[in-house]
Structure formats: structure tokens, C-alpha cells
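As C-alpha cells, the structure follows; a few thoughts come after it.
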Amino acid sequence: MTDQSKYYRLGWFIWFIVALFYFYEYILRSAPSIMLSQLEHFLNTDNAAMAVILGSFYYSYAPLQLVAGSMMDKFGGKKVLPFAALLCAVGSFLFIVQSDTVMLVGRMLTGAGAAFAFVGVTYVATNWIDEKHHGLIFGLTQAMGMLGGIVGEAVLVRTISNTNWADSWVIQAVMGIILAALLFTIIPLRPKKLLESVQNNSRVLSNYLPFLKNYRCWFIALSGGFIFIPTTVFAMLWGVPFIQTTYHLSHTSAATICSLVLLGWVFGSPLSGLITDRLKSYKGTILTGYVLVLILFSIIVYAPWLLTNIVLLGAAMFLLGLFSGTQILVFAVNKLYTPEYTKGTTIGMTNFLVFITTAILIPLSGQFMHLFKHHHIQNVTTHEYQLSFIYTIVCIVIAIALAAFGLKSGKIKQQSLALTTN
């Protein structure tokens, strides 16, 4: 058995080890939110300063999405991902230094390392797992990230206190160092045919051209950003007060109900990949998921009389997240629409457009909401919420239109570059 044959047989094991990096990155991303009071006391600062420090994660994360994929194409996962994990480890360690400047730098280093996680995991995994399972790979990877956020918060919130919160950052730094060593050991060199193709097309800037020149890639990536709005704007922003007002639930119950949307993503992302791999049709799976998101969101917001108890409401919120999980397929689709040797660049560009679209649309939702209310959030009526959520409805409709025009009909075709062993 050749080395490449061995790695193909171990493909799913390789994916799991590398996916731990994405799991770890989500823990680091969500950890500060559950220790804000300790951090403010430690730095003797206020909410505004803490918002800048915590937001600095995205100052490095967002722009590096543009180069993370091209670096994966140029150097491969074995050279890039261990270094990225070390950046996260260093950033975590700096978070215990009693200086707002050092803490800000640490958060930016963490964001810089995290920028390589999703792109890197999917890049490495698709090297060593048969293409017929690539939809499932993207879905399972997204689920690993969501689980990292959920598990990280659930564990940390029960273990930290005013005196030992810094210990958690030391532990996370050590985890990053161990993970870096594990990634360097486990990740194999790229398949021979992919490496030859990369060497023959080694101009980094030209790797962006297949994506930039293909309108389908733009439409599909933007559809992923627009369909994310029901999760970000509704479930993670205005959902709790809306459910309290409309369904007459307590704050705790409303927050629990909203978290079911994220739980739905955990199951929906891999399920959509599995269905697509079986049906061999991305267009059918994505459009069906997007339309069902529109239907479920409309019922939750505009037909509360249909959800007569908390169980039905919880089921609807879970299904909203489940069908939103089809969004993860936009990465697999764009990878098919561009040459194999540019797949890292393509995944990075897609992730950047999804992230930027969401980042622009979230604050716009707040401006749209101000058109229909003139008082504090606790006094907003159900009718005013329903008027403001027309914005979300429009976003979902745009996502459906973009996907319909961007996706090709028919069965999935194999890439022209076959990664066979030699």
C-alpha cells in the first residue's frame, strides 16, 4: 500500500483531527461573552472599551479570509494550520495580561489564527475523502464549530469564577499548543496530482480569477450571507424580546427557545450534506431548504396562533435552524465551480462574502427597526416587530433568488482533476 492509499483510507480520521481546530476556534470565539464582568473588573474598564477589545477578533479574522484560502493553495495544510493554531494559543495566553492594549493584540492574534480554521479543515479533508462525500464534509465541519460554541459556553460558564477565570485562558493556550503539534503530526502532504497542479499554476493572484469571473460563485456566496439573517438578526438579536412579547414567555424560556435555532444548525448542516451526496443535486437541496426557512420564519413571526404551546414553538425554531443549515452547501458548490487547485482560495472568498454580507445586514436591521418604533425595546409591540421583520423576509427572498439564478440544474459532476493515488 502506498502512502497516499493509506491516507485515503484514513480520510475521515484526518478530517476529525483537523476539525478539532474549528471546534477549538469556536470555543475561543465565544468564551469572552460569559466572563464580561470579570474582564471589566480585571481591566478596570467599561462596556465600550470591552466591546472594542472583543470586536478586535474580527478586525483580523475578516480581512484574512481573503488570503487564508490562497495560502492553503500555495503552502498546504501541513505548513499553515499548525502555525495558525499557535497564533490562537499565543492570543489566548495574552488575554490574562492586565493591559487593554496587550489583550486587544491577543484577541487580534486569536482572530488571525481562527481565520484559517474553516478554510483549512475543509481544504485538508477534501484532499483525502472521496468527492461524493464533500457535501457531508462541509456540513459536519460546520456542526463541529457550532458544537464548539455550545459546549465551550456550557462548560466554561459552570467552571469560571471571579478568581479563577484566567485559568481557563491558560488551559485554552495549552490546548492550542497541543493541537498545533497534533496537526503537524497528523496532516499528510498533499496528494501528488494536486501538488503537481498547484506547482503548474503557482501564481497566487491568478487563483482568484476563476471565482471573480464566475457570476455563479458571487450569487451563491451572497445567498449564503442573506439566508444567515434569520439566525443572526432573529435568533441571536431580536428573537428573545420578540418571543417574550408575542408568546408571553420568560426571558430564560425565550433565550432557550432561541438557542434551539443554533441546535438545529448542528444537525441541519451535516444532514443537508448527506442528502446532497445521496441525491447528487445541490440546487434541489439548497432551494428546498431556503424555501422552508421562509415558510417557518413566516409562521413563527406572523402566525403565532398556529404555535399554541412552547413545544410547537420550540419545534418550529429547531426546524428553522435545521433548514438554515443548507447554507453550508454554498462552499461545496463554489468549490465545484472553480478549478481544484484554487479550492482554498474559493472557500476563503466564499466565507469572506458570507461574513461581509452578514456584517452589513445586521446593523441595517436595527436601522429598519427604528422606522417602526419610537420607544425602548421593552415597549415594542408584536405588530411593530412584525413590521420590522419584513426586512428579514426580504433577505430570505433575495437568498432564494440568488441561489435559483446561481445554481446549475442537474446532477453533480466530478472535478476534472482526479486526486487518484500514484
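The values are calculated or read from the model by the stated rules, or taken from the named source; none is laboratory data. If you're wondering where the values come from, they're calculated on a predicted model, not measured in any experiment. As a convention, Cβ positions derive from the backbone with ideal geometry for all residues, glycine included, and neighbour counts pool all protein chains shown. Surface accessibility is based on the protein's heavy atoms, side chains included, excluding ligands, DNA and RNA. Shrake-Rupley method; radii C 1.70, N 1.55, O 1.52, S 1.80 Å.
Observations on the structure shown:
- Two-site label geometry, residue 394 and residue 75: point separation in nm, points 7 Å out along Cα→Cβ: 4.3 nm
- Spatial separation of Cα centroids for the stretch 87-108 and the stretch 42-81, in angstrom: 12 Å
- Cα gyration tensor, the stretch 252-380 - rounded (a/c under 1.5), prolate or oblate: oblate
- The stretch 121-145 versus the stretch 248-264: alpha-carbon centroid distance in Å: 30 Å
- Accessible carbon and sulfur surface of the chain relative to its total accessible area, %, 1.4 Å: 69 percent
- Helix-only mean residue ellipticity at 222 nm for the chain, each DSSP H run of n ≥ 4 adding -39500 (n - 2.57), per residue, nearest 500: -25000 deg cm²/dmol
- Length released on extending from residue 408 to residue 298, taking residue separation times 0.36 nm less the Cα-Cα span: 36.8 nm
- Listed residue (121, 363, 241) projecting farthest to the positive dipole end of the chain, Cβ model: 121
- Within the chain, helices built from complete DSSP H runs that reach 20 Å or longer along their own axis (Cα positions) and carry a mean Kyte-Doolittle hydropathy of -1.0 or higher are 11-30, 47-75, 77-94, 100-114, 134-159, 165-186, 251-279, 282-302, 310-324, 343-370, 390-406.
- Average accessible surface for the chain: 42 Å² per residue, computed with a 1.4 Å probe over protein heavy atoms with every protein chain in place.
- Each other residue within a Cβ distance under 12 Å of residue 107 adds +1 if Lys or Arg and -1 if Asp or Glu, for a net charge of 0.
- At R0 = 25 Å, FRET efficiency that the Cβ-Cβ distance of residue 383 and residue 362 yields, to 0.05: 0.65
- Cβ-Cβ FRET estimate between residue 401 and residue 16, R0 fixed at 45 Å, reported to 0.05: 0.75
- Estimated dipole of the chain in Debye, rounded to 20 [Cβ of Lys and Arg +1, of Asp and Glu -1, Cα centre]: 1500 debye
- Residue-span extension gain [residue 132 to residue 37] - 0.36 nm each, minus C-alpha spacing: 29.4 nm
- Mean separation of Cα contacts under 8 Å (6+ apart) over length of the chain, as relative contact order %: 25 percent
- Volume of the Cα convex hull of the chain, divided per residue and given in Å³: 139 Å³
- The gain in end-to-end length when the residue 182 to residue 170 segment is fully stretched comes to 2.5 nm, 0.36 nm per residue minus the alpha carbon separation.
- Rounded, prolate or oblate (a/c below 1.5 giving rounded, otherwise prolate when a/b exceeds b/c) for the stretch 67-194 by Cα gyration tensor: prolate
- The calculated FRET efficiency for the pair residue 279 and residue 312, based on their C-beta separation and a Förster distance of 25 Å, comes to about 0.30.
- Charge sum, other residues only, whose C-beta stays under 13 Å from residue 87's C-beta, Lys/Arg counted +1 and Asp/Glu -1: 0
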